[in-house]
Structure formats: structure tokens, C-alpha cells
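Notes for the one structure printed next.
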Amino acid sequence: MDIVMAQGTFDVIHPGHIKYLEESSKKGDKLVVVIARDSRVEERKDLAFNEEERRKIVESLEAVDEAVLGSKGDIYTTVKQISPNIITLGHDQHHSEEEVKNMAEEALGREVKVERIEESTEHSSSDIKEQVTK
């Protein structure tokens, strides 16, 4: 079974998130989404939902088989727990595909594919929050 791992904060779900998760789901048999811990996004004190609320919202989406909270420590722990064959990155995630691939392969001791999902919308959670608070 090919397990796909996607990750993000997913504070205010918008069409770009849906596209990212739907496209990620098509890459394998099971999609597990890692939700960023509140403590890992401290610089973004404007979160509308806490980590457990965000996890429940994401897990309720049709494309998602399971949503889990990320590690409070390092990402290696989460990668080992999920043991993905494929890791997808969103267009706006500033991680290098090669760095993620190397980290995952080091953690798991086997080959892992890393694929970036192309942008499909110009929405962003930050822009939406700004519009709502005007």
C-alpha cells in the first residue's frame, strides 16, 4: 500500500488546500495529513483554530484518510510514525524537495518520493483572514 503524507497548518481551509489534498490523495492508496502543532507555528499568533480543531476539520475532508498532529520535537518522529512512500509539498511550502527526500530516506532507511503539488488558486489563509477582519 502506498501511503502519502501531506502536511501544513490548515488554519482556514480554502480551495487551494482542497486542491492540494485531493491531488495528494491521488498519488497513493492512503492519505495521512500532518497538522502543524500550535507550538511550531508560534510566530503566527493569529491562528483561528487550535491544533486539535484543525486536525478534526482536515480529517473530515473526503480526500483525507487520517489526520494526525505533528511531532512537538523533530519531523523524523512523524515520518517514522507514518512511514510514507510519498511526501507531497504544497506550492507555497518553502521546503526543498531534495532536502525533504534526504531527511525522509535517512529516517526510514529506504527510498521515498517527494512531489510538489502545483498552485491552483490565489487564495491564502492570511489573505482570507485579512479580508474578514476589515
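The values are calculated or read from the model by the stated rules, or taken from the named source; none is laboratory data. As the structure is a computational prediction, the values presented were derived from the model and not from experiment. Neighbour counts run over all protein chains shown; Cβ positions are idealised from the backbone, glycine included.
Data overview
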quantity	calculated
Criterion violated by I87 - all others in (1) modelled with pLDDT of 90 or more; (2) touching a Ser or Thr at 6+ places or on another chain (Cβ under 8 Å); (3) not acidic (D, E) satisfied	(2)
Criterion violated by T77 - all others in (1) touching a strand residue (DSSP E or B) at 6+ places or on another chain (Cβ under 9 Å); (2) modelled with pLDDT of 90 or more; (3) surrounded by fewer than 14 Cβ atoms within 10 Å (Cβ to Cβ) satisfied	(1)
Candidate set: the range 80-96, residues that are over 12 Å from the mean Cα position of the chain (by Cα) and among the hydrophobic types (A, V, I, L, M, F, W, C); chosen: the one surrounded by the most Cβ atoms within 10 Å (Cβ to Cβ)	I82
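Residue by residue, here is whether (1) assigned to a loop (DSSP other than H, G, I, E, B); (2) of a type in the set (D, E); (3) exposed (fewer than 13 other Cβ atoms within 10 Å of the Cβ); (4) at pLDDT 95 or above holds:
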site: K72; (1), (2), (3), (4): yes, no, yes, no
site: E98; (1), (2), (3), (4): no, yes, yes, yes
site: N102; (1), (2), (3), (4): no, no, no, yes
site: E106; (1), (2), (3), (4): no, yes, yes, yes
site: E111; (1), (2), (3), (4): yes, yes, yes, yes
site: S120; (1), (2), (3), (4): yes, no, no, no
site: S126; (1), (2), (3), (4): no, no, yes, no
